[in-house]
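Undergrad: The structure's right below; bear with me while I get my questions together.
Coordinate-derived values only; no laboratory data. These figures come from a predicted structure and were not determined experimentally. We place every Cβ from the backbone using ideal geometry, glycine too, and count neighbours over all the protein chains shown.
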Amino acid sequence: MDDKHLYSNFEYESALSTGTGATPNDTVNHEYLERMRARRRQGPSTEELISGILHGDRMLLSRAITLVESSRFDHQQQAQQVIERCLPYSGKSVRLGITGVPGAGKSTVIEALGKMLTGHGHKVAVLAIDPSSERSKGSILGDKTRMEELSVDPNAFIRPSPSAGSLGGVARKTREIITLCEAAGFDVVIVETVGVGQSEVAAHSMVDFFLLLQLANTGDELQGIKRGIMEMADMIAINKCELDRNRAELAATQFRNALHLFPMPESGWTVKVSLCSAYTKEGVDALWNSVMEYVTFTKQNGYFYHKRQEQNLRIVTEAIENGLRERFYNAPGIEERIEALKQEIMENKISPYAAADQLLES
């Protein structure tokens, strides 16, 4: 029964006409409020979530993502049901990963690129991974503040997610969130990482095209980036080129020379190096043109589909590892056993390795 019918069946006498006010023992009122509270606690049903996602309902998409990110067992069960039902409608987007050193202007570039894409009729989802505090486990979730224009664009959806201590800052559930966003009709999904590090390895395993942003005024540019990150990049863009054109062009030349020393990527794609300015919008359209050239090129030689299959196989391995971890910590009595062994470790009665062996055996 919807709220309108609930209200229409609610018969009451106006407190103004009687002068007595609402009675605290009003059974109908009490039952109605309890039903509404229970409904809020339960949240939308699985069918409501699936229907809402497939119809592009942002509110229900957000609720589904919250379930995916939740650690509660019942939430995880419902989230997996939603994901399985949405899978047939996913996989049709272009997945773009963007990384770079802190201060390289990742959020600004994403906003400029996102506004350009929505202006051309695309629907853009931005999954921005915020670093979580190791001490408080909280995060700022400030990407909607940084992307002021894109956050109010009706054809864009920004979801800042806490990294929650996962490897390198990339949220463990990002792949599942990508599936939900694609099912909701977003044909471009942008994954922003927290910075240069192990997070890029995880991000590279879930996107089609990997863009590395770099600055020209950081001294020796090639020292500011790891070789492994450069090898993963499908394109390197020198951002904020309007600040110093000569330095930006010099940095681009250095990167082009360095890339000649690397082996040819498995995709067969020649990595491009370009200049861009998110502030003046220079080169932003060239970034997207390169993405589409890459997609066309790799679909023709079959690498695009091969890479996605490899990513799916990686998901299986990670799902097994995550499942084993969750089953271990949810096992009956394991928390008490862990606390007892922690105390023994602190008292130097047992080594950490022996304690771990005991826990695994139990």
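Undergrad: Tell me the net charge near Gln81. Cut-off is 13 Å between Cβ atoms, Gln81 excluded, with +1 for each Lys or Arg and -1 for each Asp or Glu.
TA: Result for the neighbourhood of Gln81: -4.
Undergrad: Antiparallel DSSP bridges in the range 203-362: what percent, to the nearest 5?
TA: So the antiparallel bridges amount to about 10 percent of the total.
Undergrad: Enter the mean projected area of the convex hull around the alpha-carbon atoms of the range 297-339, in nm², rounded to one decimal.
TA: Spelled out: convex hull of the Cα atoms, projected over all directions, averaged, 3.6 nm².
Undergrad: Let me ask something else. Count the net charge of all other residues whose Cβ sits under 9 Å from the Cβ of Asp187, scoring Lys and Arg as +1 and Asp and Glu as -1.
TA: +1
Undergrad: Go through the range 236-342 and name the trypsin sites (Lys or Arg not before Pro) that are in a DSSP coil and have 13 or fewer other Cβ atoms within 10 Å of their Cβ.
TA: Counting only loop positions with at most 13 other Cβ atoms within 10 Å, the trypsin sites (Lys or Arg not before Pro) in the range 236-342 are Lys281.
Undergrad: Using the Cα centre of the range 311-361 as the reference point, and only Cβ charges (+1 on K/R, -1 on D/E), how large is the resulting charge dipole? Debye, rounded to the nearest 20.
TA: Roughly 160 debye for the range 311-361.
Undergrad: Where does the charge balance sit around Ser93 when Lys and Arg score +1, Asp and Glu -1, over other residues with C-beta under 15 Å from its C-beta?
TA: +4
Undergrad: Rounded to the nearest 0.05, what FRET efficiency do Asp74 and Arg308 give with R0 = 41 Å and r taken as the Cβ-Cβ distance? Could you check?
TA: 0.85
Undergrad: Quick check on my link table: of Lys173/Lys299; Lys92/Lys240; Lys240/Lys299, which ones sit more than 29 Å apart, alpha carbon to alpha carbon?
TA: Lys92/Lys240; Lys240/Lys299
Undergrad: Can you give the Rg to Rh ratio of the range 311-361, both from alpha-carbon atoms, with Rh computed by the Kirkwood formula?
TA: Rounded to two decimals, Rg/Rh equals 1.15.
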